[in-house]
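Written below as structure tokens is the structure these notes are about.
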Amino acid sequence: MLFDDELIRAIGTRSARTLQSYVHGIYREWSLPSLGREITFTLNIRLRTCIARYRRDQNTIEFGPSFVADSRIRREALAHELAHAAVAAQHGDKVKAHGSEWCAYMRQLGLEPRRRIDRPHRARAPQIGPSKVRYRHRCLVCQMTRYSAKPVHGWYCRNCHIAGLAGELEIRRINHG
């Protein structure tokens, strides 16, 4: 298996097999079969601002809670990071991260080369007037935050819970004034 055990547990064995098949198809499309033997795919639950990232220094692609939570973005996010790995393997440090070489790899897969993938599921504070918000519920692992007028002890961090963690939230009263 290409993915580490923690990532497989987080997204499910069936999804992992489907994505791994997709990865092999990308390697064939780009004529870079050796790329697959060099890259490590792992879960990093601390990624909050990005879905995934390619770490050139470790030759690793790390996937965050957003990747786990939303199956609709997985293929594009995976292709995006694999394109970074392919550019690094072919050109080293000589090119820009989202330069023409990277764009060419994305277009070869029939994907629009974009720097960011929209995440419609992204957790946001509810639209409550500031005088009604009295409690902040924050995940100590990924820093996801929710607000409410009352403390809600039944809430948990969905992304961390999916990743196999407890997902407990720290509840703090907010002082307005």
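Read the figures in this text as sums done on the coordinates, not as results from a lab. Keep in mind it's a predicted model, so treat the numbers as computed, not measured. Backbone-built Cβ (ideal geometry, glycine too); neighbour counts: all protein chains shown.
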| query | If we keep just the residues of segment 158-177 that are touching a residue at least 40 places away in the same chain (Cβ under 8 Å) and part of a loop (DSSP other than H, G, I, E, B), which is surrounded by the fewest Cβ atoms within 10 Å (Cβ to Cβ)? | reply | HIS176
| message | Filter segment 2-26 down to the residues that are among the aromatic types (Phe, Trp, Tyr) and surrounded by 17 or more Cβ atoms within 10 Å (Cβ to Cβ) and list them by number. | response | PHE3
| query | For THR40, all conditions in the list (1) out of contact with any strand residue (DSSP E or B) (no Cβ under 6 Å at 6 or more places or on another chain); (2) over 18 Å from MET106 (Cα atoms); (3) not aliphatic (A, V, I, L, M) hold save one; what is the number of the exception? | reply | (1)
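Residue by residue, here is whether (1) free of Cβ contacts under 8 Å to residues at least 12 places away in the same chain; (2) among the basic types (Lys, Arg); (3) buried (at least 21 other Cβ atoms within 10 Å of the Cβ); (4) farther than 18 Å from LEU7 by Cα holds:
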| position | (1), (2), (3), (4) |
| --- | --- |
| SER66 | no, no, yes, no |
| ILE73 | no, no, no, no |
| ALA83 | no, no, yes, yes |
| LYS94 | yes, yes, no, yes |
| ALA97 | no, no, no, yes |
| CYS103 | yes, no, no, yes |
| ARG107 | yes, yes, no, yes |
| GLU112 | yes, no, no, yes |
| ARG116 | yes, yes, no, yes |
